[in-house]
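K.L.:
Can you keep this structure in mind? I'll have questions shortly.
The values are calculated or read from the model by the stated rules, or taken from the named source; none is laboratory data. These figures come from a predicted structure and were not determined experimentally. Cβ sites come from the backbone with ideal geometry, for glycine too, and all protein chains shown count toward neighbours. What goes into the accessible areas is simple: the full protein's heavy atoms, side chains included, and nothing from ligands, DNA or RNA. Shrake-Rupley method; radii C 1.70, N 1.55, O 1.52, S 1.80 Å.
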Amino acid sequence: MNRRERLNATIRGEKVDRPAVSFYELGGFTPNSDLNDPFNVYTSPSWQPLLELAYEQTDIIRFVAPAMTPSRSNRASSYIKGESYIENGSRFSRTTIQVAGRTLSSLTRQDPDVATIWNIEHLLKDADDMKAYLQLPDEVFDYDQDVTPMVTAEQELGDAGIVMVDTADPICMAASLFSMEDYTVMAFTERELFHELLAQISRWLHRYTTKTSELFPGHLWRIYGPEYATEPYLPPSLYNEYVVGYTKPMVDMIHAHGGFARIHSHGRIKSSLPYIIEMGADAIDPIEPPPLGDVELADMRREYGDKLVLFGNIEIRDIENMEPSQFEKVVAKSLADGTQGEGRGFVLMPSSAVYGREVTPLTLANYSTMVRLAQQF
């Protein structure tokens, strides 16, 4: 089987020649090719062997999304302003929203040696900020979608893998407007208001999901965000309220056009699994092993393997820190646990990807072990 055939068969629950192996974001995202960008960590020579391994040897799952342009009715510019600047070598981006007599402000920072963005200040700080945000008209969120870049990405990828539509869900977009502390307080103490926020987000996000799945049918989707409502952040009852009620419609929209929905959820997922099944999800990632997670991959395969394609369950910290001889045992166990007995399918995959400027020989060796053992399985 070629890599595309293997992944498509896995997602459909069909037999494959061997388990697929994915490096998640490596191969999933196209790295920055601007050699003059001081924030581009991939210019380091140490990255090149790892990127080559990802592109040439793994079963690539490329992250895609439609191109978005403001529609004629869009009124975002009347409320939202943005600016970016460099200070002490870091790039800062500030967003301000003027609405209902209040100024809402957020600030992010990107450092040159780390491929991530830090949230320094979150847009909403309290219930009054949330009430003001809810006064934004729906036209602020009106955008037109163009799936041409997604079609092009799939054509360029060819037999090397598949493309996957990548999207947040309402709980992700609502929670990320706050700091984690403020979000959990609002979710517990302002439930009616928080539902209003989820409903506001859902109005445009559900339109987006319906349209994208209609224009780009039959593909895998990754829905990220449900982890915001898992334990220990929120109890299962609120997972049911804040995730199932607003994310299940997205799963249904994806299914309506022949697509497959993969739920992304780090950490403790045990109590949320019945709800994930209730939503009709087709797959789940990254199934982190204890102590970060609270379920074993073997148990997942035995109890839910007939319903869910399992993606995981290698911790990125083990790739970066574990001695190769020990790491080989970890990978071998994941392959055995993820494929034991009957089940829809399994993809060997880490919980995330390295993001520093330098890739160490240890890290490269452990990534290579994942490929070697999957190919030999």
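K.L.:
For region 1-124, which whole-number percentage of the solvent-accessible area (1.4 Å probe, protein heavy atoms only) is attributable to carbon and sulfur atoms?
P.N.:
Values: 3150 of 6580 Å².
Of the solvent-accessible surface of region 1-124, carbon and sulfur hold 48 percent.
K.L.:
Separate question: For the chain, take the longest principal axis of its alpha carbons; what is the angle in degrees between that and the long axis of helix 361-376, to the nearest 10 within 0 to 90?
P.N.:
For 361-376 against the chain, the angle is about 60 degrees.
K.L.:
Counting only protein chains, not ligands or nucleic acids, how are T209, T184, T148 ordered by accessible area (probe 1.4 Å), most first?
P.N.:
Largest accessible area first, the residues go T148, T184, T209.
K.L.:
Rounded to the nearest 500, what is the chain's calculated 222 nm mean residue ellipticity when only DSSP H runs of at least 4 contribute -39500 (n - 2.57) each, over all residues? Intermediate values should be presented prior to the final figure.
P.N.:
Working: 15 runs with 150 residues, N = 377.
Only helices count here, giving -11500 deg cm²/dmol.
K.L.:
With label points built 7 Å along Cα→Cβ from the Cα atoms of E121 and E214, find their separation and express it in nm.
P.N.:
In this crude label model, E121 to E214 measures out at 4.0 nm.
K.L.:
All other residues with a Cβ under 12 Å from the Cβ of E328 taken together, and with Lys, Arg as +1 and Asp, Glu as -1, what is their net charge?
P.N.:
With Lys, Arg at +1 and Asp, Glu at -1, the neighbours total +1.
K.L.:
What relative contact order, as a whole-number percentage, does the chain give when Cα pairs under 8 Å and 6 or more residues apart are counted?
P.N.:
19 percent.
K.L.:
Okay, moving on. What is the distance, in nm, between label points placed 7 Å from the Cα along the Cα-to-Cβ direction at D146 and at E358?
P.N.:
Placing both labels 7 Å beyond Cα along the Cβ direction yields 4.2 nm.
K.L.:
Tell me the angle of helix 3-12 to the major Cα principal axis of the chain, expressed in degrees between 0 and 90 and rounded to the nearest ten.
P.N.:
Result, in degrees: 70.
K.L.:
Something else: Using a Gaussian network for the chain with springs between C-alpha atoms less than 10 Å apart, which of these wobbles most: L238, L348, L35?
P.N.:
L35
K.L.:
In Å and from the alpha-carbon atoms only, list the Rg and Dmax of region 35-97.
P.N.:
18.4, 48
K.L.:
How much accessible area per residue does region 215-285 have, counting only protein heavy atoms and a probe of 1.4 Å, in square angstrom?
P.N.:
Working: 2270 Å² over 71 residues.
Value for region 215-285: 32 Å² per residue.
K.L.:
State which stretch of the chain is the longest one without any exposed GluC sites (Glu not before Pro), exposure meaning a DSSP loop state and at most 13 other Cβ atoms within 10 Å.
P.N.:
Longest stretch, sites excluded: 15-341.
K.L.:
Explain nothing, just the number: dipole magnitude of the chain about its Cα centre with +1 on each Lys and Arg Cβ and -1 on each Asp and Glu Cβ, in debye rounded to the nearest 20. Let's see the in-between values first.
P.N.:
On the way: 34 positive and 54 negative charges, 95 e Å.
Taking the Cα centre of the chain as origin, the dipole is about 460 debye.
K.L.:
While we're looking at this one, here's another question. Cβ under 13 Å from Q145's Cβ, Q145 left aside: what net charge do those residues give with Lys, Arg +1 and Asp, Glu -1?
P.N.:
-2
K.L.:
With the contact rule set at Cα under 8 Å and sequence spacing of 6 or more, what percent relative contact order holds for region 144-208?
P.N.:
Value for region 144-208: 33 percent.
K.L.:
Could you sort out which of K248/K307; K270/K329; K15/K307; K248/K270; K211/K248 sit more than 20 Å apart by Cα distance in this structure?
P.N.:
Too far apart for the 20 Å limit: K270/K329.
K.L.:
How large is the Rg to Rh ratio of the chain when both quantities use alpha carbon positions and Rh follows Kirkwood?
P.N.:
Rg/Rh for the chain comes to 0.96.
K.L.:
Let me check against my output: what whole-number percent is the relative contact order of region 183-321, with C-alpha pairs under 8 Å and at least 6 apart?
P.N.:
It comes to 20 percent, rounded to a whole number.
K.L.:
Go through T69, N2, L51 and say which Cα lies farthest out towards the positive end of the charge dipole of region 1-103; charges sit on Cβ, +1 for Lys and Arg, -1 for Asp and Glu.
P.N.:
Going by the charge dipole, the pick is T69.
K.L.:
Over region 279-359, consider all pairs of different Cα atoms and compute the Kirkwood hydrodynamic radius from their mean reciprocal separation; express it in Å, one decimal.
P.N.:
The answer is 13.1 Å.
K.L.:
Same structure again: Which FRET efficiency, nearest 0.05, do E190 and D17 yield, Cβ-Cβ r, R0 41 Å?
P.N.:
0.20
K.L.:
Go ahead and set up a Gaussian network model of the chain, Cα springs under 10 Å, then flag whichever of V21, V347, V41 fluctuates most.
P.N.:
V41
K.L.:
Hey, another quick one. Counting only other residues whose beta carbon sits under 15 Å from that of P112, what net charge do I get with K and R as +1, D and E as -1?
P.N.:
Result for the neighbourhood of P112: -3.
K.L.:
What nm value, rounded to one decimal, do you get for the distance between Q375 and S325 when each label is placed 7 Å out toward the C-beta?
P.N.:
2.4
K.L.:
Now, a different point. Based on alpha-carbon positions alone, could you give the equivalent ellipsoid semi-axes of region 1-146 from the gyration tensor, as √(5λ), descending, whole Å?
P.N.:
Numbers: eigenvalues 287, 112, 39 Å².
Each semi-axis is the square root of five times an eigenvalue, giving 38, 24, 14 Å.
K.L.:
Between A100, A281, A365, which gets the highest mean-square fluctuation from a Gaussian network model of the chain, Cα cutoff 10 Å?
P.N.:
Its mean-square fluctuation being the largest, the pick is A100.
K.L.:
Using only Cα atoms, tell me the angle between helix 191-215 and the longest principal axis of the chain; keep it within 0 to 90° and round to the nearest 10.
P.N.:
Result, in degrees: 60.
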